[in-house]
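The values are calculated or read from the model by the stated rules, or taken from the named source; none is laboratory data. Everything numeric here is computed off the predicted structure, so don't read it as measured data. Here the Cβ positions follow ideal geometry from the backbone for every residue, glycine too, while neighbour counts run over all protein chains shown. Surface areas here come from the heavy atoms of the whole protein model, side chains and all, with no ligands, DNA or RNA. Shrake-Rupley method; radii C 1.70, N 1.55, O 1.52, S 1.80 Å.
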Amino acid sequence: MGRRADIVAGLAGATPALRRFARALCAGAGPAIADDLVQSALQSVGARIRARELRPADLAEARIEAYAALVGLAQKKLANAPGPASRHPPVVHGLASLCFDERAMLLLVSLEGFGYDASARIVGATRETALAQLMRARGALGAEGLRPVAPLEGGRRAASHLRVVK
């Protein structure tokens, strides 16, 4: 296999992370929409690499391109998507209340672990604009009381209801 084929094949390994990001980005609109977005983004980037329109240096750069394609597709598709149902947790409603760019920046940095420069590149903004969007998103969720509770403040650890069974 050639280098391009290796990169396209390596993108398949990024599918679980792309699905996680897409489901959070859709904020309750439904897993089917998120899965369709991931599939379309991977097909688009794969086709562009095979056609030599896109020449990523390595898998990390191709992954950034896949996230950028996903964000672009999601912005169009989610314009008229329904909001989260009442059964969804408050954090989903909080994410849905953010504008799309703020939600995307927050999820790229907080959920996916991208740096500020890579996140800005993915959403197609300057670094300064991306940082401003991130600060607004964090502020909006913090104002709604949707910050994680520290264990010292009496909060439970995640999955504290699980126990090891011998």
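Quick look at the values:
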quantity: Restricting region 56-90 to residues that are open to solvent by 80 Å² or more (accessible area, probe 1.4 Å) and free of Cβ contacts under 8 Å to residues at least 40 places away in the same chain, the residue that is nearest to the chain's Cα centre (by Cα); calculated: GLN75
quantity: Subset of region 134-166 (residues that are surrounded by 10 or more Cβ atoms within 10 Å (Cβ to Cβ) and either in contact with a Pro (Cβ under 9 Å, 6 or more places away or on another chain) or modelled with pLDDT of 95 or more (or both)); calculated: GLU144, LEU146, GLY155
quantity: Any chance SER40 is of a type in the set (S, T, N, Q) and at pLDDT 90 or above; calculated: yes
quantity: Selection count, region 49-85, where residues are modelled with pLDDT of 80 or more, over 20 Å from PRO16 (Cα atoms) and of a type in the set (Gly, Ala, Ser); calculated: 1
quantity: Hits in region 1-35 - residues which are open to solvent by 60 Å² or more (accessible area, probe 1.4 Å), free of Cβ contacts under 8 Å to residues at least 24 places away in the same chain and closer than 18 Å to LEU107 by Cβ; calculated: PRO16, ARG19, ARG23, PRO31
quantity: Among residues of region 36-47, those that are closer than 14 Å to TYR67 by Cβ and open to solvent by 10 Å² or more (accessible area, probe 1.4 Å), counted; calculated: 3
